[in-house]
Each structure stands twice: as structure tokens, then as C-alpha cells.
């Protein structure tokens, strides 16, 4: 009966994933009016770019359409800006959305400053689109580029690069227009702007966390010297130079390639690309510079429906891990893993309660106050990755920081658990067999194999979904995406160290906090808070300080803090999974093995990775 129920749940989950992925694909293709295809573009020095080509059916050799290269920012893949690709392509614009060098499926770059010197690969894409006869449905006189954050730096550097090239060779500029989102502090000096002969649009968040780097140390663009310099670069007569910007006003002339506009929306940096006002402003910009006669208003947007569908797929896919594991566990070979659920722990009393809360607070403080130091330490221990050099030795710059934090906090958790059990729990009715730790070597190896099988089936389903519908599982920039084979080697490198944290969490959830006379949902919610509260405290400190003073608490480490928007939800839900898998096997091992493999592969495939070419 239970087995049949698990089978029904598994079938329901797979069916839901297929249905919502199909709906996401339908939205992404603008109801079939846009053809989407994954492509690989070989570039200089043996490098390559993976990209998605969005081709509207209206773009033909007889009716060539403008083209825009979409460049995600640091730590982002092409899927994270699919919303922009959707809205541009449904307005008749051909889009090539790239995985920047060292991100997603693209190769590393031999340059340690790929965004600046190669536009994250955008320079090569523009060159290819302009020179080839294959893309005969593109209007080569109207090629644009847009990017967010570091992708915005790539876009403005492209305007400088192709402006210099055009003047040197006395030819037309290949890059008609650029739109820079979420980046202002570099690339806008007089020497950078002087060669530019492209239209420029700027969107900078009023509440951008990186605004401390700007000359005025805030995100208000009306008097920002960087933004004023952009506008004045389009005005030849210095007598007419402005001292204050009118936000949203177009300066200059699109036909003369000196149009300028600055937007300043009230939003945070990481959420800027997913704001409808920001989207409308960018769509209006490209409509103007490309002189598009479109019946769709800028507020007519459908991209969020795709986000809703992939979000549901994301959530359902994680739920699917439970019946999937149960299905594999029912195979006779794995039945020896199943053990009776150990007796529940006695609820702490008096001194036990005091010890419990002391350990709770201590764990939270250690988690909070070690994250930034571990981030800084990662720069010292992993020099090549931190310097953006190709290496096989822990090549993921940002994940190295999370890994060090996880190892330290996992070890602290294990030490606290052992200490409390050894000197208190053992003397107050907690027996070793209650902890779910006892396991034979053969059982441990079978548990490992079971976890690998669940991981493999889970990702086989994802690859099938991507093949059929060209979508993955994601909530905005937090995603579970397909990966290239080299990521499996990195999984072998990173997973054992991360496993310390996952095992520590499972042990504390099931071997230290599984009390009698407490409702399970309350217990699980408390576990989630206990696991994530340290990192939540970092976010609170960062953003309370930011909204009070206008400057984030951690400046140099603000990108590491931004990582927590994706990490905290994962950590919050870990205890739920660890408890479910504990209920299946009566031991603490299966949960952390499965969650470590799935979640760490998600981290590995969504971050910068400097693997040698």
C-alpha cells in the first residue's frame, strides 16, 4: 500500500514537471512564434561559447531583423536572463544569449579579465554575426548588446572596442547600440567613452549594493558624475553640457549613434533583471534605437509566466527525490539498508534546555561570523581560482568560499554534538542506538550506491526535460541546470568536503533534536531556522546597515553576501529532506548523501569555473 502511494507520488511529480516544463517552453517560444536552439560558437585560442539562439519566425532573408547579444553577469548563465530574451524576441528581435566565459557551458578564457578584454565572449559573437553570410535573417546594421552587472561592463567595453575598430579601419561600427544594466563605476571614463560611436542606454538600481564604489557613494543617478559624463559624451558643444540628468529622458540622436538615456529604478542589484519597470525601460530603448514599429506595449510582458512554471518544476523536482529514493530503496539489493526508526529522544528538561539553547545560539553565531572570514581565506588558499586563472585545483572561485564555511561549520557542529552527547546526553537517558549512527560497512556502501542512483535518475530526467523543452528547473537566478561532463570530476572534488556539513546537519536534526511530544512540522520548521539563521543574520546585518546608511556593511565582500540569496533557501530546507530520509532508513546517512550530490551539483553548474581548456 505504501509502495503504491510512493509510486503514485513519483508519477505525479514527473507528470507535473513535464506539464509545467512544456508550458514554460510554450511561453519561452512566444506561443511558437520564436524558434529557440542551443548553439556552440568556437572563438579565439580554442575557446568556445554556448548560447541560445532566439529566432522570430518573422526574421527572414527578405525581412532581416535586428539582433541583440544578451550577456549575463558574474555567477550567471544564459538561463538567468531568458526573461529578457523572451521579451526581445517576441518583438521581432533576434537574440543570442550567451553563457559568459567560465560560466555555464562555455569554456574558460585565457584572459583573466574576460569581461573587459573579450566582453565575456560578446566581441566574438558580434564579429561572427557581422561577418558571416549564414545569419542572413539578421540586419547587420542593427546589432546590439546588453548585459547586467559584469555583463553590463562587457557591453560598454564592447562599445569602446568596436568604436576604436571602426575609427581605425574607417568602417561602419559593427555595434549599433548597447544597454548597460547594473554597472556604472568602471568603463565610463573619458578615455573609454571618447571612441564610442554606439547608442548607450543605462539602467542603474537606486538601491544597488555596489553603489559605494561610485564617485558619490550612492545610487542616485541624477547628479552622478559617471552618468553625467555618459550624457555629455553625446553633446559636442561643451556649452550645452548638462549638470543634472533628467531620468528617462533621451539625449542625442539614434541615427547619429549618439543617443543616451539613464534610468534609475527603485530595486536591489540582484533583482534588477526581474523587475517589470526595468524590463519595460530596456524594451523601450531597443524599440527606439532600432526604430521598431511594434504593436506590443512595453508593459505587455509574459516572461514571468515562464518563471512561475520553472519555479513549480524546481519545487516539484526536489519533492520528487523522496519517492524516487523510496522506489530505489524497494529494490531487494537495498532492503538491508532499512532499519527500524530509533526510539525518540526524551525532551530536554531544566539543564538540558539551557544546554540546548546555548548550543543553538553558539552554532548561529559561529555560522554568522565565519562566513566572511572564510570567504577571505579562500582567496589565500585557492590563489589560481581567485585570480581567474585556469586550474583543476578547486577551480570555482565563489564556491570555494562556501565550501570552507561549510567544512568549518560542519566540523563545529559535529564537535558540539559529540560534546553534548558525551558529557550530558549519555548521562540523561540518550543511548547511542537512538542516534541512527550504527551501520555496517556493507550497508554504508549500499547507501552510497543508492544515493548515486537517485542522483543519476534525477539528472537523467532533467536532461530529458531540457532536450524536449529547452528549459531547466529554476527560480530566477537559483536553478538546477544541465551540466557538462567535467562537472562530474568537480563533484568528486567538492562533494566529500561539503558532505561534512550535510552529515552534521542530518545528525543534529535526527540525533539531537528529535524530541517526543513535539509536532513534526514544528520540529522541521525549527530545524530549518536553526540551520539557516546564521546566514540569515548576515543578510540582516548587510541590508539593515544598507537601508540605514546607504552603504552595505560588507563592501569588498558584498558579492559573497549576495550568494546567500541562493544558499539560504537550500540550507533552510535541508532538515526536511534529512528527516524524511531518516524515516525511510532509520539512519542519518542517506539524506546527506543525496542532498549533497544534488545540491552541490546545482552549485557547481551555476557558478564561475576556471577549468583548463
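The values are calculated or read from the model by the stated rules, or taken from the named source; none is laboratory data. Bear in mind the structure is a predicted one, so any value in this text is a computation, not a measurement. No Cβ is skipped: glycine too gets one built from the backbone with ideal geometry, and neighbour counts run over all protein chains shown.
Results, tabulated for the structure shown:
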read-out: Residue in the stretch 106-117 that is assigned to a loop (DSSP other than H, G, I, E, B) and touching a strand residue (DSSP E or B) at 6+ places or on another chain (Cβ under 7 Å) present; value: yes
read-out: Cβ-Cβ under 6 Å pairs, at least 6 apart or on other chains, the stretch 434-446 side outside any helix (DSSP H, G or I), far side at pLDDT below 90 and crowded, with 18+ Cβ neighbours inside 10 Å; value: 436/342; 436/510; 436/511
read-out: Output for the stretch 207-261, where each listed residue is crowded, with 18+ Cβ neighbours inside 10 Å and without any contact (Cβ under 8 Å) to a residue 12 or more places away in the chain; value: 232
read-out: Subset of the stretch 288-302 (residues that are in a helix (DSSP H, G or I) and either in contact with a strand residue (DSSP E or B) (Cβ under 8 Å, 6 or more places away or on another chain) or surrounded by 19 or more Cβ atoms within 10 Å (Cβ to Cβ) (or both)); value: 289
read-out: Scope the stretch 159-177; condition in contact (Cβ under 8 Å) with a residue 60 or more places away in the chain and touching a strand residue (DSSP E or B) at 6+ places or on another chain (Cβ under 7 Å); matching residues; value: 176, 177
read-out: Residue in the stretch 305-320 that is surrounded by fewer than 19 Cβ atoms within 10 Å (Cβ to Cβ), more than 25 Å from residue 604 (Cβ to Cβ) and in contact (Cβ under 8 Å) with a residue 24 or more places away in the chain present; value: yes
read-out: Among the residues listed as 93, 86, the single one being in contact with a helix residue (DSSP H, G or I) (Cβ under 6 Å, 6 or more places away or on another chain), farther than 30 Å from residue 390 by Cα, assigned by TED's automatic domain parsing to the domain that holds residue 278 and crowded, with 18+ Cβ neighbours inside 10 Å; value: 86
read-out: Checklist (1) more than 30 Å from residue 390 (Cα to Cα); (2) crowded, with 19+ Cβ neighbours inside 10 Å applied to residue 68, failing item; value: (1)
read-out: Test: residue in the stretch 582-598 that is within 17 Å of the chain's Cα centre (by Cα), under 30 Å from residue 78 (Cβ atoms) and either part of a helix (DSSP H, G or I) or at pLDDT 95 or above (or both); value: yes
read-out: Of all residues making up the stretch 532-561, the number that are at pLDDT below 90 and either out of contact with any helix residue (DSSP H, G or I) (no Cβ under 9 Å at 6 or more places or on another chain) or over 13 Å from residue 210 (Cβ atoms) (or both); value: 0
read-out: Residues that are assigned to a helix (DSSP H, G or I) and surrounded by fewer than 23 Cβ atoms within 10 Å (Cβ to Cβ), drawn from the stretch 127-159; value: 127, 128, 129, 130, 131
read-out: Number of the exception - residue 517 against (1) outside any helix (DSSP H, G or I); (2) modelled with pLDDT of 95 or more; value: (2)
read-out: Residue selected from the stretch 18-36 under the condition under 15 Å from residue 462 (Cβ atoms) and within 21 Å of the chain's Cα centre (by Cα), by the criterion surrounded by the most Cβ atoms within 10 Å (Cβ to Cβ); value: 24
read-out: Residue check for residue 202: outside any loop (DSSP other than H, G, I, E, B), farther than 24 Å from residue 122 by Cβ and assigned by TED's automatic domain parsing to the domain that holds residue 143; value: no
read-out: Residue that is in the same structural domain as residue 527 (by TED's automatic domain parsing), surrounded by fewer than 17 Cβ atoms within 10 Å (Cβ to Cβ) and touching a helix residue (DSSP H, G or I) at 6+ places or on another chain (Cβ under 8 Å), where the choices are 462, 468; value: 468
